[in-house]
Amino acid sequence: MSPPDTITNRPFDSLKPGDGAKIERRVSVGDMRGFTTHAAEITDHGIDRTLASDPDFRAALAQGGIAVTLLVTLIIARFPGPDTRLDSLSLDFSGVLKQGDMAVAEVTIASLDAASRKVQLDCQCRREDGTVILSGRIGVIAPDKHVSRPFGRPVALEPGHAPDRFAHIEDLAREKGPVCMAVVNPVDAPSIEGAISSARAGLIKPVLFGAQNDIRTAADEARVDLSGVEIRDTPDPEQAARAAAQLAADGGCQALMKGSLHTDTLLRAVIDLKELRTTRRMSHVFVEDVPGYPRLLLVSDAAVNIRPDLDTLRDIVQNAIDLAHAIGIQQPKVALLSAVETVTEDIPSTVAARNIRDMAERGEITGADVDGPFAMDNAVFEGAARIKGITSVVAGQADILIAPDLEAGNILAKSLDYLAGAEAAGIALGAAVPIALTSRADSASERHASAALAGLVAARNRR
């Protein structure tokens with residue numbers, strides 16, 4: 001179903017007895033998974049797979065979760081619509097919903113009270129075959145003013161769609177205002193389109209560095225308008241990288257974005273300028289929006305440091321923590337990954353994890369709960385950690401996954417992308433300005449998210 005053109009409501013003075021509305025939805029696996037996950041979080045992860053698959057448990061969730069949610073959503077989003085307040089609820093449950101059922105929710109006005117604007121709605125949710133799941137009455141206070149506005153950014157509600165967490169990152173960045181960003185060598189269609197669409201989205205004010213003719217040819221191919229966009233003509237990728245880095249060193253921009261050039265070419269230009277170097281080693285962070293995982297996952301380092309020593313690993317962890325803070329995760333949980341959970345000299349990554357954990361305990365790494373070593377399952381699935389007797393605030397609830405080396409990090413990140421259906425935004429940190437690192441294969445959403453991440457880090461740097 002396509003979204004409406006406008007968001008509207010029915011104020012009290014337009015309502016009369018007998019008026020009504022209905023909404024339909026086929027119960028999807030995503031619905032059941034979402035309510036089960038929510039129930040697990042409410043009970044402090046007290047739902048295991050056996051309980052989650054129990055027919056009575058799933059029926060109760062479908063009745064109390066999906067059926068009631070359909071009715072309430074119909075009321076507050078459609079009829080009477082925005083500005084409606086719930087007042088009372090009395091429902092009887094007489095049937096069950098199952099995955100695959102078409103649920104039909106209906107409300108009809110039973111009575112109106114002009115003095116209080118209270119409306120009594122007869123309510124019913126039934127299956128497509130007419131079997132009643134629940135019925136009863138919901139009382140509301142109807143809107144007193146008419147609402148009619150253009151439909152804005154849609155929220156993903158289709159079966160199987162994950163929450164649009166990248167849209168939230170974009171919204172956070174827009175609140176800070178667009179950041180001046182030097183875009184390096186955007187001479188192919190994906191990179192020029194990503195830069196200009198990020199500008200149109202209110203995330204950046206781009207300055208383009210590269211061969212002007214090649215940039216304009218790429219813009220024509222991508223069908224984007226470069227009117228009003230500053231272009232600084234530089235003949236090759238290396239010179240474009242150096243010129244963009246110099247602009248950042250001079251304070252002329254607050255962030256960089258990679259176009260069509262090798263990552264190491266851009267990073268080398270940044271490192272060569274002492275004004276852009278800091279006491280930290282540079283590192284890369286993928287921000288992964290993984291369907292089915294209840295939060296964003298930050299994965300580092302998958303692109304810059306091949307075999308990090310202990311000091312570099314410390315900086316990798318702190319850079320990722322700082323990014324988590326910039327996107328609103330106040331106390332991120334950091335899992336130091338290895339193949340096992342016990343420290344053994346035969347597996348160097350377990351020793352490194354122990355040493356990083358000790359650094360955090362001494363205050364050399366701040367702003368997060370840091371623990372490890374963890375095998376992957378114990379970092380992201382609390383049930384696995386519980387079976388193995390692992391007691392940790394990080395176990396099963398990681399926000400940040402720290403790989404022992406670049407190879408492991410890159411394999412992990414691309415496995416999430418191509419096997420788990422994740423969207424990924426990339427950013428390099430540790431220099432005086434953030435660097436949005438995009439790939440030719442990135443979607444528009446991923447390019448926007450990378451730009452938004454850089455904008456949020458730049459805003460944090462200014463503060």
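Of all residues in segment 401-419, those satisfying the criterion of being among the hydrophobic types (A, V, I, L, M, F, W, C) and free of Cβ contacts under 8 Å to residues at least 40 places away in the same chain are I411, L419. For segment 192-210, the set of residues classified as of a type outside the set (K, R) and surrounded by fewer than 19 Cβ atoms within 10 Å (Cβ to Cβ) consists of S197, A201, G202, listed by residue number. Kindly establish whether E238 is assigned to a helix (DSSP H, G or I), under 16 Å from E446 (Cα atoms) and of a type in the set (D, E). It is false that E238 is assigned to a helix (DSSP H, G or I), under 16 Å from E446 (Cα atoms) and of a type in the set (D, E). In the condition set (1) open to solvent by 50 Å² or more (accessible area, probe 1.4 Å); (2) farther than 18 Å from D19 by Cβ; (3) outside any strand (DSSP E or B), R126 is compliant with all but (3).
For segment 125-178, the set of residues classified as basic (K, R), at pLDDT below 90 and over 19 Å from S450 (Cβ atoms) consists of R149 only.
Please specify each residue of segment 233-264 satisfying the condition of being open to solvent by 20 Å² or more (accessible area, probe 1.4 Å), polar (S, T, N, Q) and in contact (Cβ under 8 Å) with a residue 12 or more places away in the chain. Result: Q246, Q254, S260, T263.
Taking segment 364-398 as the range and being more than 16 Å from L313 (Cα to Cα), open to solvent by 20 Å² or more (accessible area, probe 1.4 Å) and touching a Leu at 6+ places or on another chain (Cβ under 9 Å) as the test, the residues that pass are M376, V380. Of the helices (runs of 4 or more DSSP H) lying entirely inside segment 3-115, those containing at least 3 residues that are open to solvent by less than 80 Å² (accessible area, probe 1.4 Å) and in contact (Cβ under 8 Å) with a residue 24 or more places away in the chain span 29-42, 55-61, 68-73. Note on segment 180-205: residues that are part of a strand (DSSP E or B) and under 20 Å from the mean Cα position of the chain (by Cα) total 1. Against the test of being assigned to a helix (DSSP H, G or I) and within 24 Å of A241 (Cβ to Cβ), the options L416, L453 yield a single qualifying residue, L453. Looking across A360, A425, A449, one residue alone is open to solvent by less than 10 Å² (accessible area, probe 1.4 Å), under 22 Å from D315 (Cα atoms) and touching a strand residue (DSSP E or B) at 6+ places or on another chain (Cβ under 6 Å). It is A425.
The values are calculated or read from the model by the stated rules, or taken from the named source; none is laboratory data. If you're wondering where the values come from, they're calculated on a predicted model, not measured in any experiment. Virtual Cβ from ideal backbone geometry, glycine too; neighbours counted across all protein chains shown. When the accessible area is computed, the model is the full protein with side chains, heavy atoms only, and any ligands, DNA or RNA have been set aside. Shrake-Rupley method; radii C 1.70, N 1.55, O 1.52, S 1.80 Å.
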